[in-house]
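Down below is the structure, laid out as structure tokens.
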Amino acid sequence: MNLIRWAVEARRDLEEIDGYYRPLDGRYVDHLLARIMKAATFLAEFPRAGAVLGGDARKWSITGSDYILIYRTVPDGIDVLRIRNARENWWGE
């Protein structure tokens, strides 16, 4: 079984994305969140698909958006660490 575990920071990122976009365009944020979930499901099946960032972290671009999913592989799936806008200085954190 391929599990997806969401770090506290990743859950907070999802809440911030929803909070920012929901008042502007609820349908857009629904589609964006669905794409993020679809990407996480794909990565749980194919955990080595993402580019290596360093250490055990990897990244995956969310189709149709500026967001990337940062994760690490674990024996039974993936741990989603963050969801960040690729235009931000996310690597310097």
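Throughout, read-outs are computed from the coordinates displayed, never taken from laboratory work. Everything quoted here is computed from the prediction, not taken from an experiment. Cβ: placed from backbone, ideal geometry, glycine included. Neighbour counts: every protein chain shown.
Cut-off is 10 Å between beta-carbons; in what order do Val74, Val29, Val80 appear when sorted fewest neighbours first? Don't jump to the answer; show the numbers that get you there.
Working: Val74 14, Val29 17, Val80 25.
Neighbour counts put them in this order, fewest first: Val74, Val29, Val80.
For Gly77, enumerate residues with amide H under 5 Å from its amide H, sequence gap 5+ or separate chain, H modeled in the peptide plane.
Leu3
Between (i) 12.1, 34; (ii) 14.6, 42; (iii) 12.7, 39, which entry matches Rg and Dmax of the Cα atoms in Å as derived from the coordinates of this structure?
(iii)
Taking amide H atoms as placed 1.01 Å from N in the peptide plane, list the residues 5 or more away in sequence, or in a different chain, whose amide H sits under 5 Å from that of Trp6.
Excluding prolines and chain starts, which carry no amide H, the hits are Val80.
For a footprinting-style exposure proxy, rank Leu3, Leu32 by other Cβ within 10 Å, fewest first.
Listed from fewest to most nearby Cβ atoms, that is Leu3, Leu32.
In degrees between 0 and 90, to the nearest 10, how far off the longest principal axis of the chain does helix 26-45 point, with axes built from Cα atoms?
Roughly 0 degrees, rounded to the nearest 10.
Going through the range 24-64, which trypsin sites (Lys or Arg not before Pro) have at most 14 other Cβ atoms within 10 Å and a DSSP loop state?
Arg48
Working from Cα positions, state the angle (0 to 90°, nearest 10) between the long axis of helix 8-21 and the longest principal axis of the chain.
Once rounded, one gets 30 degrees.
Using the Cα centre as the reference, give the magnitude of the dipole from point charges on the C-beta atoms of the chain (Lys, Arg: +1; Asp, Glu: -1; all else neutral), rounded to the nearest 20 debye.
Once rounded to the nearest 20, the dipole reads 200 debye.
What ranking do Arg22, Arg87, Arg5 get, fewest neighbouring Cβ atoms within 10 angstrom at the top?
On the way: Arg22 13, Arg87 8, Arg5 16.
With the sparsest Cβ surroundings first, the list reads Arg87, Arg22, Arg5.
Any idea how far the Cα center of the range 46-93 sits from the one of the range 11-42, in Å?
16
Put +1 on the Cβ of every Lys and Arg and -1 on every Asp and Glu Cβ in the chain; which of Ala57, Asn89, Trp6 then has its Cα farthest towards the positive end of the dipole?
It is Ala57, whose Cα lies furthest towards the positive end.
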